[in-house]
Each structure stands twice: as C-alpha cells, then as structure tokens.
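Here's the structure we're looking at; comments come further down.
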Amino acid sequence: WAIVIIASFSSILFLNILTPLISDDFAYLFIYNENVRVESIGDIIQSQINHYYLWGGRSVVHFIAQVLLLLPPYVADILNTLIYIGYVFLIYWHVKGNGKNSVSLFMLINLAVWFFQPVLGDTVFWITGSANYLWGTFFILLFLLPFPLYRGRKINVASNIIISVGMFILGIIAGWTNENTAGAMILIALLYMFYFRRKKWLMPIWGYLGLVGAIVGFAVMILAPGNFERAGEGGLGLFLLAYRLFNATLTFVYYCGPIIMVCVVVFILSYHYNKNREGEAKDTLVRTLIYYIAAVAAVYAMLLSPTFPRRALFGVVSFLIIGAGILVYTIDYSNRFLRQIRNSVLIIGTIGFFFTFYLASKEINTYRQIIAERNILIENIIKSGGNYC
C-alpha cells in the first residue's frame with residue numbers, strides 16, 4: 001500500500017509541478033471583469049459575484065481555482081495532488097463499499113484513470129481545469145459515498161442529526177460544482193434511494209436532506225444570470241438538436257467505448273464464473289447500472305450546451321470506472337484463470353504507465369520551455385521600452 005500510494009502521489013505531483021500556468025489561469029489571477037489583481041479571499045468573493053452575474057454559476061469550483069492561483073505554486077501543486085489521491089480513494093471506496101481492502105483494486109483504478117480519462121492534462125494538471133473537474137468530481141463522489149456504504153442499519157438520533165446536516169451542506173457544495181456531473185450525481189442519489197426501498201431498508205433521513213441540498217446547489221448554479229447572458233436569444237431548433245445528439249453520441253462512443261467494452265467483458269466473466277452466487281451477482285449488476293445510467297444521462301445533458309469539450313467527460317468516465325470496478329471487485333479470484341488475467345492486466349498496465357508517463361513528462365516540459373522563452377522575450381521587450389504587438 002505504501003509503495004503504491006507514494007508512487008501515485010509522486011508521479012502526479014511531478015506532473016503538477018511541471019505544468020505552467022495556462023490559458024484561463026491568467027484571467028483568474030484578476031478579479032473577474034475588473035483590471036485588478038486578486039490579492040485576498042475578499043477579492044476572490046468579489047470576483048465570483050461578478051462571474052455569477054456575467055458568465056456562469058460554477059462559483060464553488062472557480063472560487064477554488066482562484067484560491068489555488070493565489071497560493072504559492074508548490075502549495076497549490078501539493079493540494080492538487082492530495083485531491084487527486086483523494087479522488088482515486090473515493091472511486092475505490094465506491095467500488096468496494098463495505099468489502100475487504102484490495103491493493104490490486106486500487107492499482108487498477110489508478111491505471112484506469114490514467115488510461116481512460118480523455119484529457120488528463122486539462123482536468124488534473126491545469127489549475128483552472130482541475131478545480132472545475134477534479135475538485136468538482138471529488139466533492140460529488142464525497143457527497144455520494146454514504147449511499148454505497150449504507151446497509152439499512154438504524155443509527156442514534158445525535159449521529160443522524162449530525163450526518164443529515166453535514167449531507168445537506170455537502171449536497172449544496174457538490175450540486176454547485178459542474179452542470180452535467182452534478183445533475184448525474186442527483187440521479188445517482190435518487191437511484192440509490194429507490195434501491196434502498198426495493199431492499200426494504202430503513203430510508204435514511206440524511207439521504208433525503210442530502211438530495212434537497214444537492215438540488216438547491218444545482219439550482220443556484222443553473223439559474224445564474226451569467227448563464228442566460230451567454231446563452232443569448234438563439235433557440236434550440238430541431239436540426240441543431242439532432243446535430244448535438246449525433247455529436248454527443250459520437251463523443252461518448254469514441255472516448256468511453258473502451259471502458260464500456262471492458263465492463264461487458266468483465267460482466268461475461270463474472271456471469272460465467274460466479275453462477276453459484278446469483279443473488280450477489282444481481283445486486284452487483286444493479287449497483288453498476290446505477291453509475292452507468294447516470295453516466296449516460298450526464299452525456300446527453302450536454303445537448304443543452306453549445307459545445308461538448310472532452311474535459312466534460314471527466315465525471316462521466318469516473319462513473320464508468322466505478323461501475324466497471326464494482327464488477328471487477330466482485331469476481332471470485334480464487335479461480336486461477338481469473339487471477340492470471342488480473343495480474344496480467346496489472347503488469348502490462350504498469351509497464352504502459354511508465355512509457356506514457358515519460359512521454360507526458362517530455363511533452364509538458366517542452367511546453368514549459370516554450371512558455372519560459374516567451375516570458376523572457378516579453379520581459380526584454382518591456383525593459384527596452386519596445387512594443388511587442
């Protein structure tokens with residue numbers, strides 16, 4: 001465990017340190033829509049008020065982005081890496097629920113995130129992108145974690161009140177992060193509540209309050225005046241809707257097809273080798289479908305958006321990894337053939353990680369050098385009193 005966690009932390013921290021400020025990072029160094037540099041939390045609050053009324057409602061994640069940009073770079077890099085490790089652990093806990101720990105499962109999840117997330121640089125290493133997607137998905141998975149861990153047991157009144165209030169507050173924060181992923185989060189919570197009812201478990205008060213909080217946070221984000229300012233007066237005609245439907249489907253199949261195929265293969269293996277555990281297999285399939293239904297819903301929620309950037313798939317792929325992981329975890333590895341498949345995937349995946357990590361490091365470093373050369377050029381022109389335009 002120590003070796004795997006240290007290796008994961010070190011590699012992600014290295015790439016974080018290597019990644020320079022990019023694109024929107026420079027804009028968020030300033031109070032939004034004002035030519036004033038951000039120097040305090042008060043400035044960030046003012047910036048997010050402007051942002052809410054003029055651009056969009058993702059106040060929570062953009063607040064995080066501006067805080068990270070305000071901090072010393074090495075502190076921001078460490079925090080970003082810690083959240084990444086937390087994000088992987090949250091996927092791991094969603095997958096295993098109350099089951100036994102498995103270091104091989106944790107390794108497989110790390111490899112799945114590395115290979116299946118479409119644009120890891122945009123969503124993990126770029127500060128503004130990581131705040132929007134990595135941090136946003138972290139809060140969403142944290143909010144959802146009590147649902148897969150719940151087993152219908154009654155808790156005392158004091159604990160119930162504390163957990164319920166905490167879930168309500170966390171629900172507001174998680175619902176206020178990212179449009180399509182937060183919407184899918186609400187759907188997952190609803191599906192889990194239906195699942196609890198089908199199991200005839202005691203319905204948790206914290207589940208209801210968490211849902212209310214999530215809907216409140218989601219509504220505050222969606223109803224931001226800035227969203228309507230950007231939307232303009234253009235309608236959503238039939239031709240445009242058809243084009244977006246085709247584009248969303250193509251994007252989903254192209255970038256998420258491999259992990260869906262993995263899920264299908266694992267399901268076939270699980271069905272073939274776990275026939276003596278039909279009740280458990282049915283329960284496993286239901287839990288997998290909860291995340292897969294939400295992932296599909298998150299994709300087609302993008303029909304309301306004029307563009308579908310690949311980074312918007314971060315939450316979608318996270319849900320797909322959880323769904324596939326649930327099937328992988330419940331396979332009976334006492335079977336030698338299944339154990340050999342798992343070990344082979346771990347070995348080949350680890351070797352592939354080292355090669356791709358080297359290529360990623362090389363590419364980011366090349367970009368970093370280009371940025372450094374541009375900065376020196378601009379500084380020299382300014383010192384000489386020239387005009388670089």
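The values are calculated or read from the model by the stated rules, or taken from the named source; none is laboratory data. Being a predicted model, the structure only gives us computed values, none of them experimental. Ideal geometry is used to build each Cβ from the backbone, glycine not excepted, and the neighbour counts take in all protein chains shown. Keep in mind that these areas ignore ligands, DNA and RNA; they rest on the heavy atoms of the full protein, side chains included. Shrake-Rupley method; radii C 1.70, N 1.55, O 1.52, S 1.80 Å.
Between ILE45 and SER159, the contour length at 0.36 nm per residue exceeds the Cα-Cα span by 37.7 nm. Here the Karplus relation 6.51 cos²θ - 1.76 cosθ + 1.60, evaluated at θ = phi - 60°, turns the backbone of the range 253-259 into coupling constants of 5, 5, 8, 10, x, x, 6 Hz, with x for every Gly and Pro.
Helix 41-54 and the longest principal axis of the C-alpha atoms of the chain enclose an angle of approximately 80°. Annotation for LEU245 and THR366: the two label points, set 7 Å from Cα along the Cα-Cβ direction, are 4.1 nm apart.
Length gained on full extension, LEU289 to LYS199: 30.8 nm, using 0.36 nm per residue less the C-alpha separation.
When TYR273, TYR74 are compared by accessible area of protein heavy atoms, the largest-first order is TYR74, TYR273, using a 1.4 Å probe.
Largest first, the residues LEU238, LEU289, LEU303 sort by 1.4 Å accessible area into LEU238, LEU289, LEU303. Loop-located chymotrypsin sites (Phe, Trp or Tyr not before Pro) in the range 292-389 (DSSP state not H, G, I, E or B) with no more than 14 neighbouring Cβ atoms inside 10 Å: TYR388.
The length gained by stretching the chain between MET261 and VAL216 to full extension, at 0.36 nm per residue less their Cα-Cα distance, is 12.6 nm. Working note: Karplus 6.51/-1.76/1.60 with θ = phi - 60° gives the range 5-12 the couplings 5, 5, 5, 5, 4, 5, 5, 5 Hz, where Gly and Pro are set to x. Taking a ≥ b ≥ c as the square roots of the eigenvalues of the Cα gyration tensor, the range 163-219 is oblate, since a/c reaches 1.5 or more and a/b is not larger than b/c.
The count of lysine pairs in the chain that are at least 8 places apart or cross chains, and whose C-alpha atoms lie under 17 Å apart, stands at 5.
The H on the amide N of PHE30, modeled in the peptide plane, is under 5 Å from the matching H of VAL38, each at least 5 residues off or on a different chain. For the range 21-26, 3J(HN,Hα) computed residue by residue from phi via the Karplus equation (6.51, -1.76, 1.60; θ = phi - 60°) reads 5, 9, 6, 4, 3, 5 Hz, glycine and proline entered as x. Counting only alpha carbon atoms, the long axis of helix 278-300 and the longest principal axis of the chain meet at about 20°. In this label model, ILE341 and ILE22 are separated by 3.6 nm, measuring between points 7 Å along each Cα→Cβ vector.
Annotation for the range 167-274: GluC sites (Glu not before Pro) lying in DSSP loop with at most 10 further Cβ atoms inside 10 Å of their Cβ are GLU233. Given a Förster distance of 35 angstrom, what is the FRET efficiency for TYR300 paired with LYS100, based on the Cβ-Cβ distance and rounded to 0.05? Plugging the Cβ-Cβ distance into 1/(1 + (r/R0)^6) gives 0.45.
To the nearest Å, what is the center-to-center distance of the range 323-367 and the range 176-192, using C-alpha atoms only? For the range 323-367 versus the range 176-192, the Cα centre distance is 28 Å. If you take the Cα centroid of the range 65-80 and the Cα centroid of the range 1-28, the two points sit 11 Å apart.
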